[in-house]
1. Using a 10 Å cut-off around each Cβ, can you sort 75, 18 from fewest to most neighbouring Cβ atoms?
2. Which residue fluctuates the most in the chain, going by a Gaussian network model with Cα springs under 10 Å, if the choices are 269, 26, 314?
3. Pop out the Kirkwood hydrodynamic radius of region 98-176 from its pairwise C-alpha distances, inverse of mean 1/r, in Å to one decimal.
4. Once all Cα-Cα distances of region 1-140 are split into 10 Å bins that start at 0, what whole-number percent is in each one?
5. Relative contact order for region 54-285 using alpha-carbon pairs under 8 Å, separation at least 6, rounded to a whole percent?
6. Defining a contact as two alpha carbons under 8 Å apart and six or more residues distant in sequence, what relative contact order in percent does the chain show?
7. How much mean residue ellipticity at 222 nm does the chain get from its helices, if each DSSP H run of length 4 or more adds -39500 (n - 2.57) and you divide by all residues, to the nearest 500 deg cm²/dmol?
8. Calculated FRET efficiency, residue 299 and residue 76, Cβ-Cβ r, R0 45 Å, to nearest 0.05?
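Please treat every number below as a calculation from the coordinates, not as lab data. Because the structure is a prediction, the values reported are computed rather than measured. Glycine also receives a Cβ, built like all others from the backbone with ideal geometry; neighbour counts cover every protein chain displayed.
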Ligand code: PMP
């Protein structure tokens, strides 16, 4: 039967892979209201607690009053307004790069950068655990597309040896479902030896890593030559929305001229750009947010180790617990929910088969006592799951 959607959906349910969208009935924050219940949440990417910050809200309200709500048109027609322009200048300065270009989402920034830089006759090489938007971008580009083993510079070098045309090496900065950091010094050295360019999607590192929040590139002290294409997103640590690519004057001009996901879409709301300018100011002035987050990460990892939870090797606010089967991940998440705690169960195809996990994320908005409460519930839930058998 053509378009047999009901069988497709039934198969998904039978495999414990059916996804549900929780309905958030409050603003973002540690304490939320979801589907009628008050819950303590550990699943947002609002790492610095800025999504609901009064100054960011005020900036957006003032921005809407002054500039209106809608972008109105694409950037190349008449959608590029003063707040977008100021935000691009501020982001470029913050990253220490000549120019930055604003996008409405990180998904689009990734599609734009990859498809504008490589095409037929070229090569794109990606970490096998890269975010879906990067993998989709590689396929869409029409370039020869190969994946290398996770974070493995030798595996990358072997593929670089067979590459032809312009070669782009693409990696997440912080892997979104594992929380580990890309081994950028080794990956960049391998790329340089073969004349390839490196593109880093630092969606989860930008704002949280590095002495000033400059992300993974700042943390490793890398230059524009090491990483010519840097992507940051604004819907996570910045608490707002959108994304940007930062790089040389020529890179940005190339994207403006050739990147279809840039050219053929309406600009983001100018009021949102005003909000992001306020977030950037807070992120720079309030270093205590990153420091508090670091303390919470240590606290969570120490506690989880004590209980014997299956932590992954992550120094970031993404602290997944590798539970194994989708059924076990769901049961643990459901147990926590009964205890008033919300955590996402991440299952295939988002992660490889047999590696379902609870993706615990920490935020500077959490208090230490809330992390302790989470650990207590996890200890009980993990013990209960042990008797449950692995399926
Ligand atoms: N890159 C990574 C690594 C991500 O995790 C995400 C979103 N979760 C994106 C890109 C897409 O960003 P956005 O949500 O702004 O589209």
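1. Ordered from fewest to most neighbouring Cβ atoms within 10 Å, 75, 18 come out as 18, 75.
2. It is 26.
3. Hydrodynamic radius (Kirkwood, Cα pairs) of region 98-176 is 12.8 Å.
4. Percent of pairs per bin, in order: 8, 20, 31, 28, 12, 1.
5. 30
6. Relative contact order, the chain: 22 percent.
7. Taken over the chain, the calculation gives -13000 deg cm²/dmol.
8. Step by step, r from the Cβ atoms, then E = 0.40.
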